[in-house]
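Structure, as structure tokens:
The values are calculated or read from the model by the stated rules, or taken from the named source; none is laboratory data. Because the structure is predicted, anything quoted here is derived from the model rather than measured. All Cβ positions, glycine included, derive from the backbone under ideal geometry; neighbour counts span all protein chains shown.
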């Protein structure tokens, strides 16, 4: 052959050079293999695109939840504050007198139980003063219940000003009040409190244009001398108050279960 080339070389030269080789007389088409690889890559890309789209939707949903929570949180905080405030108000109403704001009978009993337990452990006296306003019914009848209620508020303020931080001034009911003095070192402390109460109550009250003068009868008892339990002390204080109110004379009256002698009705 011209140039010394054989027939195979001629055929190889004449074959298309894009994508084909000759191997054992068979054509292996490389573009088919490349096409499958491209198809597989495109399929994986489609799958990744779907995954990313799903993730984007999930992220957007999460951000929507966050935005909603940010909007809801201030309302929840406000609602919780209102619930807490209502709970505090309910607790205050349960343990305090609605008219005067003083501790009521329920809170008094709770504190008295605690004071007696403390007094038993530490060998301390507890003083209990039961007060009843003299002539309060006359104020209500002649000046009206509105004036009577305002007078009770004045009395409550004055009694609160007469006691120590650990003491309890309580509206026991109607025109009756109780002062409980825990951990009394000596009876001189009780005497000082009674004297202060008498002085403050003796000050005239000006209510709705009326000048009102009031006084109180007082029954005084002490733990452990006059009783070992709350019930015993309240009962003895009530008896002492009854004796104090039985004394006539227009001056503040105080009675204890141990009072005897002139003017006394006898010891209990």
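Brief remarks on what is shown
- Selection status of residue 71, surrounded by fewer than 11 Cβ atoms within 10 Å (Cβ to Cβ), at pLDDT 65 or above and either in a loop (DSSP other than H, G, I, E, B) or touching a strand residue (DSSP E or B) at 6+ places or on another chain (Cβ under 9 Å) (or both): no
- Filter pass, residue 175 being touching a strand residue (DSSP E or B) at 6+ places or on another chain (Cβ under 7 Å) and within 23 Å of residue 234 (Cβ to Cβ): yes
- Taking the listed residues 131, 152, the one that is under 31 Å from the mean Cα position of the chain (by Cα) and either in a strand (DSSP E or B) or assigned by TED's automatic domain parsing to the domain that holds residue 209 (or both) is 152, with no other qualifying.
- Only one of 211, 187, 232 that is modelled with pLDDT under 90 and either out of contact with any helix residue (DSSP H, G or I) (no Cβ under 8 Å at 6 or more places or on another chain) or not assigned by TED's automatic domain parsing to the domain that holds residue 117 (or both): 187
- For region 162-172, the criterion of a residue being surrounded by 13 or more Cβ atoms within 10 Å (Cβ to Cβ) and assigned to a helix (DSSP H, G or I) is satisfied by at least one position.
- Flag if residue 207 is in contact with a strand residue (DSSP E or B) (Cβ under 9 Å, 6 or more places away or on another chain), in contact (Cβ under 8 Å) with a residue 24 or more places away in the chain and surrounded by fewer than 21 Cβ atoms within 10 Å (Cβ to Cβ): no
- Among the residues of region 96-114, some residue qualifies, meaning at least one is closer than 20 Å to residue 220 by Cβ, assigned to a loop (DSSP other than H, G, I, E, B) and within 23 Å of the chain's Cα centre (by Cα).
- Among the residues here, residue 159 qualifies as at pLDDT 95 or above, farther than 19 Å from residue 224 by Cβ and buried (at least 21 other Cβ atoms within 10 Å of the Cβ).
- Residue within region 28-39 that is in contact with a strand residue (DSSP E or B) (Cβ under 8 Å, 6 or more places away or on another chain), modelled with pLDDT under 75 and in a strand (DSSP E or B) present: yes
- Only one of the numbered conditions (1) within 20 Å of residue 176 (Cβ to Cβ); (2) at pLDDT below 95 is not met by residue 124, and that is (1).
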